[in-house]
Amino acid sequence: MSRTLIALFSVFAPLSIVTVGGGQSIIADLQRQVVDVHHWMTHAQFVSDFAIARLAPGPGSLLATLIGWQVGGIQGAVVATLALFGPTAFMMYGVAHLWKKHRGARWQNALQSGLRPVAAGLILAAVYVLVKELDGGWIAQVTAMVATVIVMTTRINALILIAGAATLFVLLHLGGAL
């Protein structure tokens, strides 16, 4: 196995275990590993890959596959994907068995309550990293924050927000405001 594939596995497998709250919770550390530590891509490339992964059908964790593909070709895509999903799948099998066996236990409720703020904090860290690296300056950052608030507080489809923001930016550009 090549050093690149081993490096991909060593980045994604540990992150797999800490995906508390879903795949979005590892975005900040994934960005740090991929951009700052291993220098596999630039900040702008990472944000672009994140956007592609979010717009593509399927899980948002397809970001791992995209990064793996860019770093190590098809083999890299397979290694990154398996490294991200494999350890968690095995761990979840064991946890599900334990959870079912001790349903309603006091420690179970305490663990769930304790992990909620951890998941929220990790997701906020991901949002911070992504917004900080947006191309487009303060207008793009304000747009992203407003869209985030709207998606979190309403039931509006994110695709409608994307179309609306694109229309607004085209109109502002045509009107000379941008």
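The values are calculated or read from the model by the stated rules, or taken from the named source; none is laboratory data. These numbers were taken from a predicted model, which means no experiment stands behind them. So basically every Cβ, Gly included, is an ideal-geometry build from the backbone, and we count neighbours across all protein chains shown.
Quick rundown of the values:
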{"quantity": "Residues that are farther than 20 Å from Ala28 by Cβ and among the small types (Gly, Ala, Ser), drawn from the stretch 48-85", "calculated": "Ala56, Gly58, Gly72, Gly73, Gly76, Ala77"}
{"quantity": "Residue selected from the stretch 130-173 under the condition polar (S, T, N, Q) and loosely packed, with under 11 Cβ neighbours inside 10 Å, by the criterion farthest from Ala28 (Cα to Cα)", "calculated": "Thr167"}
{"quantity": "Single residue of the stretch 154-175 satisfying the filter (not hydroxyl-bearing (Ser, Thr, Tyr) and not in a helix (DSSP H, G or I)) that is farthest from the chain's Cα centre (by Cα)", "calculated": "Gly175"}
{"quantity": "Matching helices (runs of 4 or more DSSP H) fully within the stretch 11-121 where at least 2 residues are modelled with pLDDT of 90 or more, more than 26 Å from Ala158 (Cα to Cα) and not basic (Lys, Arg)", "calculated": "62-101"}
{"quantity": "The stretch 165-178 residues that are within 16 Å of Gly136 (Cα to Cα) and in contact (Cβ under 8 Å) with a residue 12 or more places away in the chain, paired with ones that are of a type in the set (Ser, Thr, Tyr) and in a helix (DSSP H, G or I) (beta carbon under 7 Å, 6 or more apart)", "calculated": "Ala165/Thr143"}
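Rundown of residues vs (1) surrounded by 18 or more Cβ atoms within 10 Å (Cβ to Cβ); (2) free of Cβ contacts under 8 Å to residues at least 60 places away in the same chain, yes/no style:
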{"residue": "Ala44", "(1), (2)": "no, no"}
{"residue": "Pro57", "(1), (2)": "no, yes"}
{"residue": "Val79", "(1), (2)": "yes, no"}
{"residue": "Lys101", "(1), (2)": "no, yes"}
{"residue": "Gly104", "(1), (2)": "no, yes"}
